[in-house]
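The next block holds one structure in the form of structure tokens; read it before the comments.
The values are calculated or read from the model by the stated rules, or taken from the named source; none is laboratory data. Only a predicted model underlies this, so the values are computations on that prediction, with no experimental measurement involved. So basically every Cβ, Gly included, is an ideal-geometry build from the backbone, and we count neighbours across all protein chains shown. SASA here: full protein model, heavy atoms, side chains in, ligands and nucleic acids out. Shrake-Rupley method; radii C 1.70, N 1.55, O 1.52, S 1.80 Å.
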Amino acid sequence: MRQTAIIGIGQTPVREHWDYPIRQLAVQALWAAIKDAGAKHIEGLFVGNMLSGALAEQEHLGALIADYAGFPCIEAVKVEAACASGAAAVRQAVLAVASGHLEIAAAVGVEKLTEFSGKFSGKALATAADADYEASIGLSFAALNALMMQRYMYEYGYSKEDFAPFPVLAHQNAQYNPNAMFRYPITKEQYLKAKPIADPINLLDSSPISDGAAALVIVPLKNIQSFGGSAVKISACEIATDTIGLDNRENPIVLKAAQKSAQAAYKTAGIQPRDISLFEAHDAFSIITALSVEASGFANAGKAPKLAADGVFNINGRLPISTFGGLKGRGHPVGATGVYQLVEAAKQVRGTAPDKLQVDDVRLAMTQNIGGSGATVVTSILEKI
Amino acid sequence: MDIPRYWRLRNQRYRLEGTECIECGQRNFPPRCICPHCKSDSLKSFRFSGRGTVYSFSTIYQALDTFDKDIPYSIALVKLDEGPLITTQLADVGPDEIQIGQPVEMVIRKIYEDGENGPIQYGYKFRPALKE
Ligand SMILES: [Zn+2]
């Protein structure tokens, strides 16, 4: 297998894009990435998306987006793995280039949730869970996460306020990211007073429904000199799965797929967790940030909220997380999220993050994209060349 | 959920029917066609007693549209006496009366009505166990 690199990145702002159809968002991000790469053409396109069929009544996104991007005859396919669709599409692009099958491939993550009112989107999102045994008896996504959070609080003796540092730091960072949905800070007091969604989860634990697209152009590492773009090495992009139902897990507050994909990523990259300079966590809900940090080996079980309170995860802390605002602050355009995380990590490695968000001396940046209640997890590691 | 799917799930919804592996004895709910533990395909149906304890719980204030009119309602992961966890709604209990570890038992209740004229769908919920 060949080593690969990201040569171009692109993104749209994360917003409620009522004006744009899905194809336009995707093409915008994709061409931004192609121009950033200094390229004119791609040989393959992998589209990460979860809900185009349910919400826009449009499937077949591979062909649609390749067509509208001006590449109507290339290999193109949609990759679906719930909220992990984005990074799962990146994984396919990486494999296609690493295998020698393609010389230049793109991954674009795109999601349009504002095709319908909020309640319908919630129902569509719940299709990432077990339809027969979770969603159809009244469990939303927030409900599944609430079950994890309640048990976690019970086992480790935390109270609600101990989770405040996660959304507070996400909003703190998001205010300096021009592409973020929520560009304002929040306080612990606001967090504690937020509207309950599924107790103990409230509105400020939850990432917002939003639209957006992000894209990467991937080439063999040995060819980066032929492009104008600033290259970032892809040292690992590893995927793992777990049971679809939360209730079928050995331990519902351990993200086993996150453990497995993170361990595989460290092994592929030949590094240890302590070598990582920053971590783009999948903070769809505050509890998931804690479980993700623990599963990735950055904290012992039950210790993540304590480290967060000590400031370890802040921009100037030992392991900055969600440096562009994460899902909570930047927004969570479901199937695009995993690609946003990688675009942001690439900016950190290139040294082109906004001043207030740039982490010092980034050598290795890690991202983790989580689908469902943890049933698909993709962990990626980017490295400075 | 439309009628064909609901009908197919009747033995699970009304009788808590899962599977037991003939090779290794592992019991599963929902039913499996391959044993997750030993990969055997020799499985027989197994009816759970419907008794267990609360492993985790939540009260829902913002629901999927079908369940909107039921809010607030409570849900739980229940550890069944025979081993597995099951995801369920709770019945006959207020949000402040639920505790992890509390004994619960299965009852059949209305899960939801499918619109004004649609059928009413029933299935398992769990309530605090009645004292002997
Ligand atoms: Zn078995």
Accessible-area composition of chain A, carbon plus sulfur, in percent [1.4 Å probe]: 50 percent
DSSP bridge pairs, chain A: antiparallel proportion in percent, nearest 5: 70 percent
Distant-in-sequence amide H partners of A:Met50 (H built 1.01 Å from N, under 5 Å): A:Gly335
Members of the range B:55-89 that become less accessible by 40 Å² or more once partner protein chains are added (1.4 angstrom probe, chain alone as reference): B:Tyr55, B:Ser56, B:Phe57, B:Ser58, B:Tyr61, B:Gln62, B:Leu64, B:Asp65, B:Ile75, B:Leu77, B:Leu85, B:Thr87
Under-5 Å amide H pairs with A:Asn202, H placed in peptide plane, nonlocal only: A:Ile197
Highest to lowest packing among A:150-163, B:97-110, scored as the average C-beta count within 10 Å: A:150-163, B:97-110
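Going by accessible area, probe 1.4 Å, with all protein chains left in place, what is the ranking of A:Asp355, A:Asp360, A:Asp36, largest first? Can you show the working numbers first?
Numbers: A:Asp355 145, A:Asp360 125, A:Asp36 55 Å².
Largest accessible area first, the residues go A:Asp355, A:Asp360, A:Asp36.
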Karplus 3J(HN,Hα) series, Hz, for the range B:4-9 with 6.51 cos²θ - 1.76 cosθ + 1.60 (x for Gly, Pro): x, 5, 5, 4, 4, 8
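What ranking of B:His37, A:His41, A:His282 comes out by heavy-atom accessible area, probe 1.4 Å, highest first? Intermediate results must be reported in sequence, preceding the final value.
On the way: B:His37 120, A:His41 95, A:His282 5 Å².
The ranking, largest first, comes out as B:His37, A:His41, A:His282.
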Extent along principal axes [Cα atoms of the range A:164-227; Å; largest to smallest]: 54, 23, 19
Charged-residue dipole, Cβ positions (Lys, Arg, Asp, Glu), the range B:1-47 about Cα centre, Debye nearest 20: 200 debye
Residue with peak Gaussian network fluctuation, chain B [Cα springs, cutoff 10 Å], from B:Asn11, B:Asn28, B:Asn117: B:Asn117
Pairs of Cα atoms farther than 13 Å apart, the range B:53-117, %: 65 percent
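As a test of reading the structure, rank A:Tyr191, A:Tyr184 by solvent-accessible area (1.4 Å probe, protein chains only), most first.
On the way: A:Tyr191 0, A:Tyr184 110 Å².
Heavy-atom accessible area, descending, gives A:Tyr184, A:Tyr191.
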Relative contact order [Cα under 8 Å, 6+ residues apart], chain A, whole percent: 26 percent
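For chain A, what is the mean residue ellipticity at 222 nm derived from helices alone (per DSSP H run of n ≥ 4: -39500 (n - 2.57); sum divided by total residues; nearest 500 deg cm²/dmol)? Show your work: numbers first, answer last.
Working: 13 runs with 131 residues, N = 385.
Mean residue ellipticity at 222 nm (helix-derived): -10000 deg cm²/dmol.
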Net charge, A:Ala299 excluded, C-beta distance under 13 Å - Lys, Arg +1, Asp, Glu -1: +2
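Please state the relative contact order of chain B as a whole percent: Cα pairs under 8 Å, 6+ residues apart?
Numbers: 263 pairs, mean separation 26.8, N = 132.
In percent, rounded to a whole number, it is 20.
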Accessible area per residue in Å² at 1.4 Å probe, computed on chain A: 35 Å²
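When the helices in chain B are scored as -39500 (n - 2.57) per DSSP H run of 4 or longer and the sum is shared across all residues, what 222 nm value do you end up with, to the nearest 500 deg cm²/dmol? Intermediate values should be presented prior to the final figure.
Values: 2 runs with 12 residues, N = 132.
Roughly -2000 deg cm²/dmol at 222 nm, from the helical runs in chain B.
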Relative contact order, percent, the range A:1-117 [alpha-carbon distance under 8 Å, six or more residues apart]: 35 percent
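Roughly to the nearest percent, how much of the accessible area of chain B is carbon and sulfur, given a 1.4 Å probe?
Carbon with sulfur: 48 percent of the solvent-accessible area.
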Distance in nm between pseudo-label sites at B:Tyr122 and A:Lys35 (7 Å out along the Cβ direction from Cα): 6.3 nm
Whole-number accessible area per residue in Å² for the range B:1-47, which is evaluated in the context of all protein chains at 1.4 Å: 62 Å²
Exposure of A:Phe116 as accessible area (Å², to 10), given a probe of 1.4 Å and all protein chains: 80 Å²
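Let me know the charge dipole size of the protein assembly as shown about its Cα centre in debye, to the nearest 20, where only the beta-carbon of Lys, Arg (+1) and Asp, Glu (-1) is charged.
Details: 51 positive and 54 negative charges, 151 e Å.
For this selection, approximately 720 debye.
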Residue-averaged beta-carbon neighbours from other chains (10 angstrom radius) around A:141-152: 5
Too-long pairs where the Cα-Cα distance tops 27 Å, listed order kept, from A:Lys233/A:Lys356; A:Lys40/A:Lys384; A:Lys35/A:Lys267; A:Lys233/A:Lys267; A:Lys195/B:Lys69: A:Lys35/A:Lys267
Cβ neighbours within 10 Å from other chains - mean over A:122-132: 2
Accessible surface buried once B binds A (1.4 Å probe; total of both sides; Å²): 3000 Å²
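At 10 °C and 1.306 mPa s, what whole-number value in µm²/s does Stokes-Einstein give for the translational diffusion of the protein assembly as shown, with Rh from the Kirkwood sum over Cα pairs? Before the final figure, lay out each step's value.
Values: Rh = 23.3 Å.
Reported coefficient: 68 µm²/s.
Given +1 on the Cβ of Lys and Arg, -1 on the Cβ of Asp and Glu, and no further charges, what dipole in debye does chain B carry about its Cα centre, rounded to the nearest 20?
Values: 18 positive and 18 negative charges, 97 e Å.
Here the size comes out at about 460 debye.
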For the range B:69-81, 3J(HN,Hα) per residue [Karplus equation, 6.51 cos²θ - 1.76 cosθ + 1.60, θ = phi - 60°, Hz, x = Gly/Pro]: 6, 8, 5, x, 9, 10, 10, 7, 9, 10, 8, 5, 4
